[in-house]
Every structure is written in structure tokens, then in C-alpha cells.
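What follows is a set of notes on a single structure, which appears directly below.
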Ligand code: URA
């Protein structure tokens, strides 16, 4: 009994360290630009993904989870070397349990098709795995609650190219100080646990639907991805 309680306490302390809980509770500016920590998951890729799903399912006291219908974990090919991170599920995604299946998803499919990619040769997830009520943006506390799972998810998939769609994904992975209009269309590398993928940010498809004039910039970013695929010789 005592040993069990101690282990619970150790797990809790490790978890709070991992999510930088002191930063959340002290309400000081968040520096997300350092190396992203990951969970120590063991097993095959599939086993690790299942462990992650179970960990996310066991998250407690989360407003998102309480109001959502389904967990939205991921879609696509787990062997892909190209991973895409969006913000969070919308109504359609919440219904179906898959990311980017609504209108923004249809545009994403078209964007991918423009550079000869599709859902079967990329892997897609979101910063948070449950739909924020009324499609609001997830707040810092929610983002940090799911960040250990997101960074471990990325490490497990081990992409060579990581595409961040929109400011929430950008700020979660790279840092608060970046704005999408400045950060988009630039390659950089980011330490995420044991991996260091090439990262590029671009506009979120939902934003592109509201601001179609920005599609030309999005096309520039897509062409950069295409060039990088050729440059690093990805066989997808
Ligand atoms: N927008 C996102 O960021 N993710 C989805 O899955 C759907 C819409």
C-alpha cells in the first residue's frame, strides 16, 4: 500500500516536472523554445502509440475532454517521414474521431495533393486531442497538459519533416515569440526528445479559407516541402 502510494507520488512529481507545471502555476512567460521533453515510452512503435492513446484517455480534470464526444488521436501512415500538426479537433473531427476531416481537412487534402502527397503517405495529429468548446483556441494550460503526449507522439513517429499548421502548433513547438506570418516558410531543426526533425510552419487551412489571398504564400511553403522531400531523399 505504502509502496503504491509512493510510486503514485513519484509519477505525479515526474509528470509535473515534465509539463513544467511551475511555469503554469507561477503564471510567468512560457519559454517553449528549449528542447521538448518526451515521455519514456517502451516497446514497438505501435505499442508506444497505444500507450500514448491510453495515457491521453486517462487525463483527468480537462474541460476539453469533458465536453468532447471523441478523442482525436491521429490519422495517416505511422511509417511516414512527414508529420503534420494542427491545432485541435473541430465539430466534424469530434464526431468522427479523426483529425482534419471537416472543411479545413478538405482544403488540407487539396494542399497535400498539390505536392503529390495524401493521407496515406503523411501522418496527421493536433496539439490537443479533444475539441475545444465552440472551436475556441486551446489555452496555455490545456496546451501544456497535452504537450508531453504531443512531443512523445512526434518522437515516436520520428518524422524527418514536421509541418506546423497555424500559430497554435507553431507556438507550442517553437515558442510564444513567433508569429506565423514571420515564421512561415523557413526551415529550422528542433530537438524533440531524441529526434531533431526539419520543421516548417505554414498557415492553417481554416485561416486560408478566411484569407484566400494568403494561399499563394502557402503554395510557396508547400513547394519548399516538396523540395526538401527531394533534397533529403524521402521515399514516401
Ligand atoms: N483544425 C485543426 O487544427 N485540426 C483538425 O483536426 C481540424 C481542424
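Quick note: the coordinates plus some simple rules give every number you see, no bench work behind them. Keep in mind it's a predicted model, so treat the numbers as computed, not measured. All Cβ positions, glycine included, derive from the backbone under ideal geometry; neighbour counts span all protein chains shown.
Tabulated data for the structure shown
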{"read-out": "Estimated Rh, the chain: Kirkwood, alpha-carbon pairs, angstrom", "value": "18.2"}
{"read-out": "Rough spin-label spacing in nm, given labels placed 7 Å along Cα→Cβ, for residue 45 and residue 67", "value": "3.6"}
{"read-out": "Relative contact order computed over the chain (Cα-Cα under 8 Å; 6+ residues apart), in percent", "value": "23"}
{"read-out": "Estimated distance in nm for a label pair at residue 231 and residue 79, the labels positioned 7 Å out from Cα along Cα-to-Cβ", "value": "2.7"}
{"read-out": "Förster radius 25 Å - calculated FRET efficiency between residue 116 and residue 139, Cβ distance, rounded to 0.05", "value": "0.10"}
{"read-out": "Percent RCO, i.e. relative contact order, over the stretch 94-189, from Cα pairs under 8 Å lying at least 6 residues apart", "value": "20"}
{"read-out": "Principal-axis tilt of helix 140-157 within the chain, Cα atoms, nearest 10 degrees", "value": "70"}
{"read-out": "Pairwise label distance in nanometres, residue 219 with residue 54, each label 7 Å out on the Cα-Cβ vector", "value": "4.8"}
{"read-out": "Using alpha-carbon coordinates, inclination of helix 215-231 to the longest axis of the chain, degrees", "value": "80"}
